[in-house]
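The next block holds one structure in the form of structure tokens; read it before the comments.
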Amino acid sequence: MSNEALENLLHENRVFPPSPEFAAQANATASLYDEAASDRLGFWAEQARYLSWATDFEQVLDWSDAPFAKWFIGGTLNVAYNCVDRHVENGFGNQIAIRFEGEPGDRRDITYSELKDEVSKAANALTELGVTAGDRVAIYMPMIPEAIVAMLACARIGAAHSVVFAGFSSEALRSRIDDAQAVLVITADGQNRRGSAMPLKPAVDEAVAQTPSVRNVLVVRRTGSDVEWTDKDVWWHDLVESQSAEHIPEAFDAEHPLFILYTSGTTGKPKGILHTSGGYLTQAAYTHRNVFDLKPDEDVYWCTADIGWVTGHSYIVYGPLANRATQVVYEGTPDTPNKDRWWDIVERHGVTLFYTAPTAIRTFMKWGDELPKSHDLSSLRLLGSVGEPINPEAWMWYREVIGGGRCPIVDTWWQTETGAIMISPLPGVTACKPGSAMGALPGIGMAVVDDEAQPVGNGGGGYLVLTEPWPSMLRGIWGDPERFQETYWSRFSGMYFAGDGAKLDEDGAIWLLGRVDDVMNVSGHRISTTEVESALVSHDAVAEAAVVGAADETTGQGIVAFVILRGGVPEETAKGEQLVKDLRNHVGAEIGPIAKPRQIMVVPELPKTRSGKIMRRLLRDVAEHRDMGDVTTLADPTVMNLIATGLDSGSDDD
Ligand code: PRX
């Protein structure tokens, strides 16, 4: 973020307190802060009591082997039972859990009792395929109810799921299956995107051909497209539908693995973030109840995320279902068949609580006020934002145009690693400033520190750290305990280093400033510069590549790549648009379409320090068309002129 933008942010002095009506009915009151402050662990024990435990826990936290935490020691529970069965047992079997809407317009309402049957059948099917507690199952699926059923079925039998976003490439899927040694892949024939059926199964076939750990592939029929069939493949409708709807959920230890979710780090290899059961579910449910103010008997909740990301895990599957929410699940894109699809959904389903990302909000701003204004959005009573800093203009637009000026906005900061929301206003308590996530939730220890790990105090800027362990914290990186310690716990002793820069304003409100490492945030998704560089370098024509995240009005950051071609690539090719297209497609095939660079520049040299480190800051300046910063540490300052000259030659705007 530029200094000018930062200065503007910190002079933001509009404040929006909750309305008296909202505050009067809110789940969370200011007393939560006092309770958590006076007895933090007692507070978390109380939050854990919202769940049903098969065996009660004896101790809240064991931090003796830090940074490897154990929460709710001695407790056992079944996560799927907590999300489904207990609501049926409590008499809410007829309440709708999922209001599904497919992109083509097909609808399906699923009650909690139907969900219980579906999850039980799927659990029986997984057992028939030989999947047992402790196994890993890869899920590569569109946003359809079966994806949620598949996740819950894994949880029910104690197998850890590893959901891989269906927009990722076959190669990304392969490496994740391989890292976790998954025994089963659950997928679909295809998914509906922008009005057409996009195949999914071929990517799975390619990945599975190279991953011998996979014994079977369970395939949901969604689009009806023709698929190749191998002897590992089983149709969901053949195997699952014929199973018994009776399944007795076994209770697992609070620390039993629930899922692995891969996220980009600063090296080319994604990290398998491991979450376990009791602590994760406790905090997912606690935050969902208090930050979104869920009233299970009245609200219609909609989180627009995909289950391929952590937001989908915690705020579509586990948090809302543990709290007995009724929620909308939508399969497709916001512009199909028209650019008002989301507002049409809000109106038709009477959505009351709505959770989305700043990149989507900015896109809608661009599309114009008429689209939301042509719908009755008066059912909305709370709006949420996640994934990247929300700029004050977008915050104000969200509040006025979507929220009609009456809905509190919760700007929620958290990460795949934190498992659940850590920093956010409480909607009936906190007076919000547009663009600020305000402060740590009750029970969470957070600070902004300088290089020496000293708190910066109000008015200061530095690194965001978490100062106390929390229930839904990651328990490690799958198969790599050293990397876990090194990445998060070595920078500041005894504190979790989040990788984000932040400032505290004069009132102590927090302003998130984006990543301080080599990780980009594109439309709220984390992509590492190294990962994209490795993908580029794996192309025959590329000798070296440097990638930076450049400011982008809509997506937050856009990926800009600088490449040096190998000797021997003919000049004609080097200058041609075709090469840039090929390189973008190559990155798409290696990682996924979301990682395709916005712009690729073919350059003769890259700016490096004398020790050979690429100076990304300078490249970012070039990519953002800023005047060049300090180049005195450059081995060869003239290099920047060369790069600047080549600036527009290789751009590609599609
Ligand atoms: O940089 C922060 C940004 O997203 C990162 C976490 O990305 P991921 O693990 O993919 O999870 C995204 C959804 C929780 C953080 O390190 N981030 C997330 N939420 C916010 C945010 N930045 C500013 N404000 C937020 N509300």
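The values are calculated or read from the model by the stated rules, or taken from the named source; none is laboratory data. Just so it is clear, the structure is predicted and the values come from calculations on it, not from any experiment. Cβ coordinates were reconstructed from backbone atoms using ideal geometry, including for glycine residues, and neighbour counts include every protein chain displayed. Quick note on the areas: whole protein, heavy atoms, side chains included, nothing else; ligands and nucleic acids left out. Shrake-Rupley method; radii C 1.70, N 1.55, O 1.52, S 1.80 Å.
Residues that are basic (Lys, Arg) and farther than 19 Å from Gly272 by Cβ: does the range 130-138 have at least one? No, that holds for no residue. Scoring Gln454 on the criteria (1) within 12 Å of the ligand (Cβ to nearest atom); (2) more than 30 Å from Leu380 (Cα to Cα); (3) open to solvent by 10 Å² or more (accessible area, probe 1.4 Å) leaves a single failure, condition (1).
Checking Thr467, Thr418, Thr412, Thr430 one by one, the residue that is open to solvent by less than 10 Å² (accessible area, probe 1.4 Å) and out of contact with any helix residue (DSSP H, G or I) (no Cβ under 8 Å at 6 or more places or on another chain) is Thr418 and no other. Here the range 82-108 is the region considered, the condition is being over 20 Å from Ala322 (Cβ atoms) and not small (Gly, Ala, Ser), and the residue that is most open to solvent (accessible area, probe 1.4 Å) is Arg107. Of all residues in the range 175-222, those satisfying the criterion of being of a type in the set (Val, Ile, Thr) and either assigned to a helix (DSSP H, G or I) or over 23 Å from the mean Cα position of the chain (by Cα) (or both) are Ile177, Val183, Val204, Val208, Thr211, Val214, Val217, Val219, Val220.
Cβ separations smaller than 6 Å between residues 6+ apart or across chains give no pair from the range 508-528 residues that are in the same structural domain as Ile361 (by TED's automatic domain parsing) and of a type in the set (Asp, Glu) to residues that are assigned to a loop (DSSP other than H, G, I, E, B) and near the ligand (Cβ under 9 Å from one of its atoms).
Among the conditions (1) at negative phi; (2) away from the ligand (no atom under 16 Å from the Cβ); (3) touching a residue at least 60 places away in the same chain (Cβ under 8 Å), the only one that Asp293 does not satisfy is (1).
Here Leu382 meets the list (1) more than 11 Å from the ligand (Cβ to nearest atom); (2) under 28 Å from Phe497 (Cβ atoms); (3) out of contact with any helix residue (DSSP H, G or I) (no Cβ under 6 Å at 6 or more places or on another chain) almost entirely, failing just condition (2).
Conditions tested, residue by residue: (1) of a type in the set (D, E, K, R); (2) open to solvent by 20 Å² or more (accessible area, probe 1.4 Å).
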residue: Trp478; (1), (2): no, yes
residue: Glu482; (1), (2): yes, yes
residue: Phe497; (1), (2): no, yes
residue: Ala502; (1), (2): no, no
residue: Asp507; (1), (2): yes, yes
residue: Trp511; (1), (2): no, no
residue: Asn521; (1), (2): no, yes
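Of the strands (runs of 3 or more DSSP E) that lie entirely inside the range 251-347, those containing 1 or more residues that are open to solvent by less than 10 Å² (accessible area, probe 1.4 Å) and farther than 25 Å from Cys407 by Cα span 257-263, 271-276. The set of residues in the range 561-575 that are within 38 Å of the chain's Cα centre (by Cα) and among the aliphatic types (A, V, I, L, M) comprises Ala561, Val563, Ile564, Leu565, Ala574. Checking Glu118, Glu101 one by one, the residue that is in contact with a helix residue (DSSP H, G or I) (Cβ under 6 Å, 6 or more places away or on another chain), assigned by TED's automatic domain parsing to the domain that holds Asp238, under 30 Å from Arg193 (Cα atoms) and among the acidic types (Asp, Glu) is Glu118 and no other. Scan the range 119-145 for residues that are buried (at least 24 other Cβ atoms within 10 Å of the Cβ) and charged (D, E, K, R) and jot them down. Arg136, the sole residue that qualifies. Selection of the range 196-206 for residues being farther than 21 Å from Glu103 by Cα and touching a residue at least 60 places away in the same chain (Cβ under 8 Å) yields Ala203, Val204.
Of the helices (runs of 4 or more DSSP H) that lie entirely inside the range 14-68, those containing 1 or more residues that are under 28 Å from the mean Cα position of the chain (by Cα) and of a type in the set (Lys, Arg) span 40-48.
Note on the range 519-558: residues that are within 11 Å of the ligand (Cβ to nearest atom), touching a Gly at 6+ places or on another chain (Cβ under 6 Å) and more than 17 Å from Lys269 (Cβ to Cβ) total 3. I'd like the full set of residues that are open to solvent by less than 50 Å² (accessible area, probe 1.4 Å) and away from the ligand (no atom under 15 Å from the Cβ), limited to the range 485-494. Within the range 485-494, Trp489, Phe492 qualify. Only one of the listed residues (Arg49, Arg40) is out of contact with any Phe, Trp or Tyr (no Cβ under 6 Å at 6 or more places or on another chain), surrounded by fewer than 15 Cβ atoms within 10 Å (Cβ to Cβ) and closer than 21 Å to Phe72 by Cβ. That residue is Arg49.
Here Ala147, Ala155, Ala172 are screened, and the one residue that is part of a helix (DSSP H, G or I), under 20 Å from Pro249 (Cα atoms) and out of contact with any Leu (no Cβ under 7 Å at 6 or more places or on another chain) is Ala147. Which members of the range 366-391 meet the condition of being surrounded by 17 or more Cβ atoms within 10 Å (Cβ to Cβ) and either in contact (Cβ under 8 Å) with a residue 40 or more places away in the chain or in a helix (DSSP H, G or I) (or both)? Passing the criteria: Leu371, Pro372, Arg381, Leu382, Gly384, Val386, Gly387, Glu388, Pro389, Ile390, Asn391. Checking the range 447-457 against the condition returns a match, with at least one residue being modelled with pLDDT under 95 and farther than 27 Å from Arg620 by Cα.
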